[in-house]
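Since the structure comes first, as structure tokens, the remarks are kept for the end.
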Amino acid sequence: MKSVAGIFLIRMLPVLFVTIAAIAYAAYVEGSDAYLLRNAIPMLLVIIISALTLYRGRGRWTGAGWSWPLGTLGFALPALGLSLYLHYAYSVDLNGMVSESVYPRELFRYLPEYTTGAGAIGFAIGWIVGRNV
């Protein structure tokens, strides 16, 4: 029989892989001059919230009901998705995001606050939906 810690780690691996890949892509796009550490905070919060979800569920995603998993998903979509979308748009100069801007790297200055706020709203919506499932 597998230990709870082993199951916990195995179930966290996809979250870790996707989050680390997102941070690596953000580092590639931003380079060394921008706000990489600040932009990694919402992505690292995804790992923390996912770990809390598994902890509350005793190694299972839905062990403590659906509120935590849906809240985690609600936080992860804006925290990872919106951040990756804006990094992609910056890298391909979507609609002149870089070429027509005076300070194009300032996009990344307030991005962590925006994605964390959107993630908090997503978490709340997921939590409410999970309570009623």
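Any read-out appearing in this document is the output of simple, stated calculations on the displayed coordinates, not a laboratory observation. Just so it is clear, the structure is predicted and the values come from calculations on it, not from any experiment. Methodologically, a virtual Cβ is constructed for each residue, glycine included, from the backbone with ideal geometry; neighbour enumeration extends over all protein chains shown.
Label sites at A24 and I41, each approximated as a point 7 angstrom past Cα along Cα to Cβ, lie 2.5 nm apart. Over the chain, DSSP H runs of length four or greater, each weighted -39,500 (n - 2.57), average out per residue to a 222 nm ellipticity of -22500 deg cm²/dmol.
With contacts defined as alpha carbon pairs under 8 Å and 6 or more residues apart, what's the relative contact order of region 4-131 in percent? This gives 33 percent for region 4-131. Of the trypsin sites (Lys or Arg not before Pro) in region 56-95, the ones in a loop by DSSP (not H, G, I, E or B) with at most 16 other beta carbons within 10 Å are R58, R60.
Counted residue by residue at 0.36 nm each, then reduced by the alpha carbon distance between them, the extension gain from W66 to R105 reaches 10.2 nm.
Between I7 and N132, the C-beta separation translates, for a Förster distance of 25 Å, into a calculated FRET efficiency of about 0.35.
Report the percentage of all Cα-Cα pairs in the chain whose separation exceeds 22 Å, rounded to a whole percent. Tail of P(r) above 22 Å: 42 percent of Cα pairs.
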